[in-house]
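The values are calculated or read from the model by the stated rules, or taken from the named source; none is laboratory data. Worth saying up front: this structure is predicted, and the values here are computed from it rather than measured. A quick note on method: Cβ atoms are made from the backbone with ideal geometry, for glycine too, and the neighbour counts reach across all protein chains shown. Side chains are part of the model used for accessible areas, which takes the heavy atoms of the whole protein and leaves out ligands, DNA and RNA. Shrake-Rupley method; radii C 1.70, N 1.55, O 1.52, S 1.80 Å.
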Amino acid sequence: MPWAASERPRSDAGVVIVLGLALAVFLGVTAFWVFSELSHARALRENLLANFATRQHIGRAFSDLQDAETSQRGYVISGDPAFLKPYDIAVADLPQHYAALRYGFSDEPEQRVLLTRIEELARRKLTELQIVIDLVRQGRRDAAVTRVAGGEGNRIMANIRLLTNQMREAEARRIDQLIAEDARRTQQTERIILMLFVGMLIGAGATVVLVRRYAVARHILLQTIQAEAARERAIFEAAMDGILVVRRNGAIERANPAAERIFHVENRGLEGVKAAELVQPAAAEALSVLLQGRGREGAAKRRELSGLRRDGQPFPVEVSIGEMKDPDEAILLFVRDISERREGERMKDEFVSTRSEEHTSEIQSH
């Protein structure tokens, strides 16, 4: 039996070598898969950050056009060249925003089409603004006022606002697609983990525990983020009071349905509008003081002002503010229509006055 005795160690050695190679391959595949999932998570984060930056450029480009328009009108009214400073800044900044958007939309042909249309409208808008400015500089203010009243600039801005909203909605859909893709990959990851679990029982049980823990934690984190986002969105949309997210320059970035009902607008008609345009001119300074006073100790946080609906109808509102911790120092502006409260107080006062007069008459009659 010498042949069989010598052959057995060789067979055992072969099995050990095969098992060692299988374990090495298994660990290599596992490491590659984990690295791939981490790379995907990193890519998702980068895409979300890029999308956020793109949304900022979209909003700032539109805000710059509004600042330029406001600057031009201030110059037409006052004739003071100092009013043109925001206009000059906007003219300088707009090409940078559009260049960043062209780069961000390099693989999104539909967004590039919208951007091309917006850029063309923006050029027309700036040309219209410059024509009016030149008329004022030439001493032809009446002609400038007539051209502004013609409404061409307003029509251009309305088209830009419409296209900008379409672009924002497309970016929102892109975020939803990224989250859905991540959820799909999470499910796929769980299936792969199950198969790896069987293999790891043979070679390395500890590895499957670590990978499973990573995937489960990642899945729970994704669910937590989605649930938190859904809860915050539901609170924002269902609030009875109007809620406005106001940027540092006074432009409204977002408004909930209650705010749209209060000011009689729809279809995101408040986005991009200056907060000061929602109150009567006499109350604009008080609103500005309220916004600028945020964060200062002892500063007023709540005021009753005279609001202004889309149709020009004034109404009493109660306005309060809250801080938002973000890089742009945005402000939460809470708006409540107190027309019914005022009417109730008026009726109460009339009732008390009537009763007082009746009581006085009874006393005098006796």
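I'm trying to understand the selection: among the residues of region 63-80, which are in contact (Cβ under 8 Å) with a residue 60 or more places away in the chain and outside any helix (DSSP H, G or I)? Across region 63-80, the qualifying residue is only Gly79.
Examine region 221-233 for a residue that is of a type in the set (Val, Ile, Thr), more than 26 Å from Leu162 (Cα to Cα), assigned to a helix (DSSP H, G or I) and modelled with pLDDT of 70 or more, and state whether such a residue exists. Working first, answer last.
In the first step, residues of region 221-233 are kept if they are of a type in the set (Val, Ile, Thr); the result is 224-225.
So of that shortlist, the ones also more than 26 Å from Leu162 (Cα to Cα) come out as 224-225.
Those left that are additionally assigned to a helix (DSSP H, G or I): 224-225.
Those left that are additionally modelled with pLDDT of 70 or more: 224-225.
Looking through region 221-233, at least one residue is of a type in the set (Val, Ile, Thr), more than 26 Å from Leu162 (Cα to Cα), assigned to a helix (DSSP H, G or I) and modelled with pLDDT of 70 or more.
If the condition is being at pLDDT below 90 and farther than 23 Å from Glu171 by Cβ, then region 147-159 contributes Arg147, Val148, Ala149, Gly150, Gly151, Glu152, Gly153, Asn154. Scanning region 102-128 for residues that are of a type in the set (D, E, K, R) and within 15 Å of Thr54 (Cα to Cα) yields Arg102, Asp107, Glu108, Glu110, Arg112. Any residue in region 104-113 that is farther than 18 Å from Gly272 by Cα, modelled with pLDDT of 90 or more and not in a helix (DSSP H, G or I)? Taking every residue of region 104-113 in turn, none turns out to be farther than 18 Å from Gly272 by Cα, modelled with pLDDT of 90 or more and not in a helix (DSSP H, G or I). Could you tell me whether region 124-134 includes any residue that is open to solvent by 80 Å² or more (accessible area, probe 1.4 Å) and outside any helix (DSSP H, G or I)? No - not one qualifying residue is present in region 124-134. For first residues located in region 145-161 and closer than 19 Å to Lys274 by Cβ, partners that are open to solvent by 60 Å² or more (accessible area, probe 1.4 Å) and lie 6+ apart or on another chain with Cβ distances below 8 Å form the pairs Val148/Arg73; Ile156/Arg124.
Here is a yes/no grid of residues against (1) open to solvent by less than 40 Å² (accessible area, probe 1.4 Å); (2) at pLDDT 85 or above:
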| residue | (1), (2) |
| --- | --- |
| Asn51 | yes, no |
| Ile58 | yes, yes |
| Glu69 | yes, yes |
| Asp80 | no, yes |
